[in-house]
Amino acid sequence: MRRLLYIIMCVSLLASCQKEADIAPAATATLELELTRAGRPVVATRAVDHDLTVDIYDDEGTLLNHYAPGTVPTKIVLMPGNFRIRAFSDNQSTWPTANSGKGEGCYYAETTFSMEQDMVFRLKLDVPMTNYAVGLKLPPHFNELFRSYTFTLTSGTRTVSITEGEKAYFAVADGAFSYALRATNIDNNTHSHSAIEFPDIEAGKLFTVRYSYDSDATSGGVDIVITDDMENDDTNIHL
């Protein structure tokens, strides 16, 4: 009888230990995120840009966490291990057709990181623009001297017309862009120039085509100036 009671007590003790093991918290680590689009203003109270999607993968490529824009938490609890994180805008394939074909900025970045048990890992990642933009700047009083104009940009297979104040976005992979202006003045005389190519494109940049009058402002002559306006870079490239 004593032996039977001893066996019952041992079994009960083992069951109790098993329950404690089952409810014991798993080893975890905490990821603290700070994700912003490069060149964009940062909101002081927002650690993660609300326009970014975030995916987190393990070292075998399995998707662990997916967060849609506006739902990315600043702290994410993960099991210890090795990870890859992707942060991107949702327009990876649709940006060229946005804004009636003028396009929009496209953003993407990824990196890897590792975390150990009970670790708090702070990850700051700037997500750059992967395409580039082209804008137009006309000289003073242009609309008083010219009744209409067409400014055309071409890169790769895309041709886009924009007006002053607008931007067109193009893929770096398509190479150089070319531009041309055709304008009709108040006397119904048309002025134009052949398409001019600008080859030195770079992701994340805004290239502004700035026109100016020649010595006779009424003749409609133009000098071509390209300005890289991104990140307050005012370096002029004269053609």
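Residues with amide H under 5 Å of Met119's amide H, sequence separation 5 or more or different chain, H placed in the peptide plane at 1.01 Å from N; which?
Amide H neighbours of Met119: Thr30.
Looking at the stretch 29-127 only, what percent of DSSP beta bridges run antiparallel? Nearest 5 please. Intermediate results must be reported in sequence, preceding the final value.
Numbers: 22 of 31 bridges.
Rounded to the nearest five, the antiparallel share is 70 percent.
Check which residues have an amide H placed less than 5 Å from Leu52's amide H, if you skip close sequence neighbours.
Gly70
In nm, what is the difference between 0.36 nm times the number of residues separating Ser93 and His141 and their Cα-Cα distance? Intermediate results must be reported in sequence, preceding the final value.
Working: separation 48, 0.36 × 48 = 17.28 nm, distance 3.91 nm.
Taking 0.36 nm per residue and subtracting the Cα distance, the gain is 13.4 nm.
Calculate the radius of gyration of the Cα atoms of the stretch 29-127 to one decimal place, then report Dmax, the largest Cα-Cα distance, as a whole number, both in Å.
14.4, 50
Starting from the Cα of Lys205, draw a straight line to each of the lysines and keep only those under 28 Å, dropping any in the same chain fewer than 8 residues away.
In chain and number order, the partners are Lys102, Lys124, Lys137, Lys167.
Can you give me the distance in nm between label points at Glu110 and Ser161, each placed 7 Å from the Cα along the Cα-to-Cβ direction?
Each label point is offset 7 Å from its Cα along the Cβ direction, giving 4.0 nm.
From the phi angles alone, apply the Karplus equation (6.51, -1.76, 1.60; θ = phi - 60°) to the stretch 96-111 and give each ³J(HN,Hα) in whole Hz, x where the residue is Gly or Pro.
Coupling constants for the stretch 96-111: x, 9, 5, 6, 6, x, 7, x, 7, x, 10, 10, 7, 7, 8, 7 Hz.
So who's got an amide H within less than 5 Å of the one on Ala38, skipping anything under 5 residues away but keeping other chains? H placed 1.01 Å off N, in plane.
Val127, Met129
Per the Kirkwood definition applied to all pairs of different Cα atoms, how many angstroms is the hydrodynamic radius of the stretch 100-145? Show your work: numbers first, answer last.
Numbers: mean 1/r = 0.0637 Å⁻¹.
Its Kirkwood hydrodynamic radius stands at 15.7 Å.
The numbers here are math on the coordinates, done by the rules we state, and not lab data. Not measured: the values here are computed from a predicted model. Ideal geometry is used to build each Cβ from the backbone, glycine not excepted, and the neighbour counts take in all protein chains shown.
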